[in-house]
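Every number here is computed from the coordinates shown, using simple stated rules; none is lab data. The model shown is predicted, which means the values in this text are computed figures rather than measured ones.
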Amino acid sequence: MALRFIEKFQKQNPETTACLLIILGQILISVAQAIIKKSEVSVYQYLYQRSTIIIIIIFFTSKDNFYPSGQQYLLILMGFLLASSAPLFFMSLKSISMSEGLVINQMNTIWAQIMALYVFGEIITKTRIRNITICFIGLLLIARPTDIFTSSSHHDHLYGCITGLIASILGASSFVSVRKISTQTSSTIIALYFHVGLIFVGGLGIVFLEIKQEYSMDYIINLITAAIATYLSNIVFYKALKMFPYSKLAPYTYSNVLVSLLIDYFIFNHLPSILSIIGGTIIAISIIMSLRSN
């Protein structure tokens, strides 16, 4: 009954469905990011082992063709670009708060739209520009970029911001490459190639940095939880990305900043400032405006 209703809703409201999938994906990935940030082990170890679990899940649950004809090059390129951005993003979270890291990472929406202009010749409508501008104002209020120069931990903060910025550019290029992949290629296979890339990048980090891997029962539970949350997030995110251009769905990705503010407060005991609360409210209003316009 529920599945029938969902299928009917998706057919009647494809764009709204894509937007809701994006928001759901952002909530799930925020949970996984919080687990990794809280972990004391190496980022490379966590990403390597998490991706291994996800690939095992895909292998036993997916009936899709793992080698779609003529798509391997684009899938490998997309996987490598996104896999390269992931360690940089999580490394940035070691120096800045989760909400600040996500703020900087959300700049991938700006880079993606600029890239899409050249790659696909897409037109950015006034409504999209308005909504993204409103979101960006909210992000600036949350990030408080002037704090970079007044904080006592200026250098660490600056390092985290620059690392996160590079990660956002790499992430945007991978999102643009997804658009070139055939619509016949399922979101599960796209997620599979991303995690294959992560295993490669994570493995290189473990070997060349000579990381000693550590284990505990809490770590294993957190690892499995993060893997499942990431897997589900990847599936719904890439499904939405195949339905509509990333530039059109961009405003909805800002929803993870709202989630991160809550996680910062309840898990990391980081009390949001008045500016952060105002910025989060502005982002929420922008997302609601985007939903209404659809």
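For L140 and I56, calculate 0.36 nm times their separation in residues minus their Cα-Cα distance, and state this gained length in nm to one decimal.
Length gained between L140 and I56: 26.3 nm.
Contour minus end-to-end for L271 and T133, with contour as 0.36 nm per residue of separation and end-to-end as the Cα-Cα distance?
Extending this stretch completely gives an extra 47.1 nm.
Can you run phi through the Karplus equation (6.51, -1.76, 1.60; θ = phi - 60°) for the range 62-71 and list ³J(HN,Hα) in whole Hz, with x for Gly and Pro?
8, 10, 6, 6, 6, 10, x, 4, x, 10
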